[in-house]
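What follows is one structure encoded as structure tokens, with my remarks underneath.
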Amino acid sequence: MIFHVLGSGAFAPEPGQRRRAPGRGGSVRNPAGYALDTGRGVLLFDFGFGSLRQLYRAGLESRRVSHAFFTHRHPDHVGDLAALLFQLRYDAKPDSGVLRLFGPRGFAAFCKRLARAYEPWTDPKGFRLLVRELRAGDSVEGAGWRVACRAVPHPTEALAFRLDGARRSLCYTGDTGYDPGLAEFARGADLLVLECSLPDGARAEGHLNVSEALRIASGSGARRVLLSHLSGASARGAAGRLPRGVRLARDLMRVRL
Ligand SMILES: [Zn+2]
Ligand SMILES: [Zn+2]
């Protein structure tokens, strides 16, 4: 399995981020979007604005997407869903013949309103679209994997996801406030992708600062950790103090699982 970071940024592009963003690329970070290529299909985890273009820049294609898991309905996590549906209506059809969307409570109503707003341009044509809301404790099974979810603190209903495959596991948090239970949820994962929007000392409801993210990372015992959903300030605040196994995500980074 290969995990692709489509967007490692926080909710908005930042002036100056282009100059200051660490790592290769050095460009403005795209908002949240991630894709897991299982070899038999592609699973999306969030798909914020700009993600459709990033998917193709990563060398993937929409037709291979079979499932999309959304942590919550903020536009930086769900903004390119309409773009994906628009493309699938008129261009590439899902290879599996069905696209399954998952999100927290309120997600089904959101999808209906989205379809109504764009009617009929995002209605499925030539494939089936299934939408399901997940609650803490629910899980979804696919070809050789299972995804579980956990409710996390954020100003709106929000989930974190954990995928367990035959040999590898992945845990992904979208936006989340400090939740000690996350370390247990991510226990022993091969890869933990953890939001880290804030530098230490900054406060925003429902987000982690660098120290909080590192505390969850070390408590989880995850083999590898990517700090993501980075702002320029949090990336600068984390650089130089990352323990072994913890890295800053960057757009179009790939991690083999
Ligand atoms: Zn959010
Ligand atoms: Zn966000």
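Nothing in this text is a laboratory measurement; each read-out follows from the coordinates by a stated rule. These numbers were taken from a predicted model, which means no experiment stands behind them. Heads up, the Cβs are rebuilt from the backbone with ideal geometry, glycines too, and the neighbour counts pull from every protein chain shown.
Lys and Arg at +1, Asp and Glu at -1: add these up for the other residues within a Cβ distance under 10 Å of Gly219 and post the number.
Values: positive: Arg187, Arg215; negative: Glu184.
Value of the local net charge: +1.
Over the chain, what portion of Cα pair distances is larger than 33 Å, expressed as a whole percent?
On the way: 4175 of 32896 pairs.
Cα-Cα pairs in the chain separated by more than 33 Å: 13 percent.
Where does each of Phe3, Phe110, Phe70 land when they are ranked from fewest to most other beta-carbon atoms within 10 angstrom?
Working: Phe3 24, Phe110 19, Phe70 27.
Lowest count first: Phe110, Phe3, Phe70.
Looking only at Arg63, Arg203, Arg224, which one moves most when the chain is put into a Gaussian network model with springs between Cα atoms under 10 Å?
Result for the chain, Cα springs under 10 Å: Arg203 fluctuates most.
Please report the antiparallel percentage of DSSP beta bridges with both residues in the chain, rounded to the nearest 5.
Restricted to the chain, the bridges split so that about 55 percent are antiparallel.
On average, how much area does the Cα convex hull of segment 142-196 cover when viewed from any direction, in nm²?
For the Cα atoms of segment 142-196, the hull's average projected area reads 3.8 nm².
Counting only helical runs of four or more DSSP H residues, what would the 222 nm mean residue ellipticity of the chain come to if each run contributes -39,500 (n - 2.57) and the total is spread over all its residues? The partial results should precede the final answer.
Details: 8 runs with 60 residues, N = 257.
It lands at -6000 deg cm²/dmol.
Of the options Cys196, Ala158, Cys111, report the single residue whose Cα projects farthest towards the positive end of the charge dipole of the chain (beta-carbon charges: Lys, Arg +1; Asp, Glu -1).
Cys196
If the elastic network links every pair of Cα atoms under 10 Å, which of Ala235, Ala186, Ala109 fluctuates the most in the Gaussian network model of the chain?
Ala109
Scaled to the compact-protein estimate 2.2 N^0.38 Å, what is the alpha-carbon radius of gyration of segment 96-237, rounded to two decimal places?
Working: Rg = 16.9 Å, N = 142, 2.2 N^0.38 = 14.5 Å.
Rg over 2.2 N^0.38 Å, computed on Cα atoms: 1.17.
Nearest 5 percent is fine: what portion of the DSSP beta bridges confined to segment 99-214 is antiparallel? Present the calculation step by step, with values, prior to reporting the outcome.
Numbers: 16 of 25 bridges.
The answer is about 65 percent antiparallel.
Using the number of other C-beta atoms within 10 angstrom as an exposure proxy, rank Trp145, Trp121 with the fewest first. Display every interim value, and only then the final one.
On the way: Trp145 21, Trp121 12.
Placing the least packed residue first, the sequence is Trp121, Trp145.
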